[in-house]
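S.K.: One structure coming up, written as structure tokens, with questions to follow.
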Amino acid sequence: MKVIEETEVLARHERRRAPRTGRQFGSAWQKQDIDVTVILPAYNEAAALPSVLDDLFQVLGGNIEVIVVDDASNDNTVAIACRYACRVLSHEHNRGKGSAVRTGLNAARGNFIVVMDADNTYPASAIPDMVTLSKEYDFVRCVRSEGTDNIPFLNRVGNKVFDGVLKLVHGLEGGDHLSGLYGLRREALNTIGFRADRFDLEVEIGIKARAHKLQAITVPISYSERLGEKKLNAYRDGWSILHRVLAMALLYNPGLMFVAPGLLIWGMTAVLCVVLSIHTLTLGALTLSSDTLVFASFGVTVGFQLVVFGTAAALYSVERGAPPTEWLVAMGRRGVRLSVLLLGAAFATAGCLTVIVLAAHWMFSGGHDFHATSALVLAGASVSWGAEAILGALFISIFAPQLASEVHAPQRPIRLASPAEEHVIDIEPRALEVLSPAE
């Protein structure tokens, strides 16, 4: 980051000089330990920012810092923020809300970090209660229990839909997971990393908070009418949020996305293979014969591969810092691995012996037409299943020691992803003289 000179700021925002009002940053203040940091991501929030900052400084006291992250606004947002005793970080290009929040998180020095939308919809009066709760909880999230009429109808419907999807796919309890007012303790923040650039940041935080087993609590608040124009596009940002929810499920809930469907496909097709190897199955006008057995055996292989892929995804998430899930820890236990290995060996051995017996019988009978096609297909599938089970058990064995150590190991710190490769301008208000909003 760099501190730009007064003339650069005035030239960039095309402001003429005027006496500055507001409190000063001091060097002693810069060196103090900060208890609370409040991050305000702002894009063209000149209409709401004065009210938001006035409310914040009325309710906050002690060793606090307020960081306004300007996401390349083209209005008076920076000039207004510089009138107050807050740090102003400014993107050179518009990057999105998530990127602005990550810029603030990387710069925050507080032990408890609060993120709040800068559109005057969330009450600053809730922050002292959040700070109090942070003594016992890692993640404090405000839920909009009153004033929901101020949320556009389409957004309200979308919020309900996403709450349901998050509960189904990721097991998140409660509601209003897209709330724009929440706080994280510094220690909790150090255990997880964020990558979202837009309005999908909140769902990423919620999913990772649950995956990392953070202690969380919700606080009911009243939601107010926004000041200024809205930034969220219901369709574009709704799709971005849904994409984030589903994409994160691949990594943070592979048991639901891959392992459970794989086991279901494996079980159903395995039963079908056994039934078809004995006799033809008739279901109304549909007749399943030995020809279908070939495709059913492929289904068993596909199901097993889904289980293996889901397990690999779960192991990768552990490598990325997430705690291992209970089913993954269970698969890594010596007894489970040994059982799968022995079962695979039994399947492979039985399949090989069956192939040998069928081949010998065919040759000794004169090598004429072969009529045991179903048995041969089932035997070949048995060899394939056994080999896959053996390789799967060996694959899990590679990571078993790490899984055992991760169960009792403390969470490893993860650095936040950098929000942009460009410069972030760090503006100290005491170095500036800017216009008031009226000018």
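The values are calculated or read from the model by the stated rules, or taken from the named source; none is laboratory data. Predicted, not measured: the structure shown is a model, and the values here were computed from it. Note that we place each Cβ from the backbone using ideal geometry, even for glycine, and neighbour counts take in every protein chain shown.
S.K.: Go through the range 220-243 residue by residue and tally those that are out of contact with any Lys or Arg (no Cβ under 7 Å at 6 or more places or on another chain) and closer than 17 Å to Arg141 by Cβ.
M.R.: Adding up the residues that qualify gives 3.
S.K.: Condition first: touching a helix residue (DSSP H, G or I) at 6+ places or on another chain (Cβ under 8 Å), under 26 Å from Phe199 (Cα atoms) and either hydrophobic (A, V, I, L, M, F, W, C) or surrounded by fewer than 21 Cβ atoms within 10 Å (Cβ to Cβ) (or both). Can you find one or more residues in the range 294-304 that meet it?
M.R.: no
S.K.: Can you confirm whether Ala46 is small (Gly, Ala, Ser), assigned to a loop (DSSP other than H, G, I, E, B) and at pLDDT 80 or above?
M.R.: Yes.
S.K.: Consider Phe139 carefully, then state whether it is of a type outside the set (Ser, Thr, Tyr) and touching a Ser or Thr at 6+ places or on another chain (Cβ under 8 Å).
M.R.: Here the answer is no, as Phe139 does not meet what is asked.
S.K.: Can you tell which of Gly147, Gly158 is out of contact with any His (no Cβ under 7 Å at 6 or more places or on another chain), modelled with pLDDT under 95, crowded, with 20+ Cβ neighbours inside 10 Å and assigned by TED's automatic domain parsing to the domain that holds Arg226?
M.R.: Criteria check complete, one pass: Gly158.
S.K.: If you don't mind, there's one more thing I want to ask. Among the candidates Val59, Val78, which residue alone is within 29 Å of Thr132 (Cβ to Cβ) and either hydroxyl-bearing (Ser, Thr, Tyr) or at pLDDT 90 or above (or both)?
M.R.: Residue meeting the stated conditions: Val59.
S.K.: Tell me, yes or no, whether the range 349-365 has at least one residue that is at negative phi, surrounded by 15 or more Cβ atoms within 10 Å (Cβ to Cβ), in the same structural domain as Leu272 (by TED's automatic domain parsing) and without any contact (Cβ under 8 Å) to a residue 12 or more places away in the chain.
M.R.: Yes, some residue in the range 349-365 is at negative phi, surrounded by 15 or more Cβ atoms within 10 Å (Cβ to Cβ), in the same structural domain as Leu272 (by TED's automatic domain parsing) and without any contact (Cβ under 8 Å) to a residue 12 or more places away in the chain.
S.K.: In addition: So Thr218 clears everything in (1) of a type in the set (Val, Ile, Thr); (2) surrounded by 19 or more Cβ atoms within 10 Å (Cβ to Cβ); (3) touching a helix residue (DSSP H, G or I) at 6+ places or on another chain (Cβ under 8 Å); (4) closer than 17 Å to Asp176 by Cβ except one condition, right? Which one?
M.R.: (3) is the only condition that Thr218 fails.
S.K.: Taking the conditions exactly as written (closer than 16 Å to Asp117 by Cβ, in contact with a Ser or Thr (Cβ under 8 Å, 6 or more places away or on another chain) and crowded, with 23+ Cβ neighbours inside 10 Å), does Asp55 satisfy them or not?
M.R.: Against the criterion (closer than 16 Å to Asp117 by Cβ, in contact with a Ser or Thr (Cβ under 8 Å, 6 or more places away or on another chain) and crowded, with 23+ Cβ neighbours inside 10 Å), Asp55 does not qualify.
S.K.: Ok, one more. Being under 22 Å from the mean Cα position of the chain (by Cα) and in contact (Cβ under 8 Å) with a residue 60 or more places away in the chain, is that true of even one residue in the range 143-153?
M.R.: yes
S.K.: Counting just the residues of the range 168-187 that are charged (D, E, K, R) and assigned to a loop (DSSP other than H, G, I, E, B), which one comes out surrounded by the most Cβ atoms within 10 Å (Cβ to Cβ)?
M.R.: Asp176
S.K.: Looking for whichever is among the hydrophobic types (A, V, I, L, M, F, W, C) and either on the phi > 0 side of the Ramachandran plot or at pLDDT 80 or above (or both) here; the options are Val3, Val69, Val9. Which one fits?
M.R.: None of the other options fit; the residue is Val69.
S.K.: Give, as residue ranges, the strands (runs of 3 or more DSSP E) completely inside the range 188-289 that count at least 2 residues that are free of Cβ contacts under 8 Å to residues at least 60 places away in the same chain and either of a type outside the set (Phe, Trp, Tyr) or not assigned by TED's automatic domain parsing to the domain that holds Gly386 (or both).
M.R.: Of the strands (runs of 3 or more DSSP E) lying wholly inside the range 188-289, those with at least 2 residues that are free of Cβ contacts under 8 Å to residues at least 60 places away in the same chain and either of a type outside the set (Phe, Trp, Tyr) or not assigned by TED's automatic domain parsing to the domain that holds Gly386 (or both) span 281-283, 286-288.
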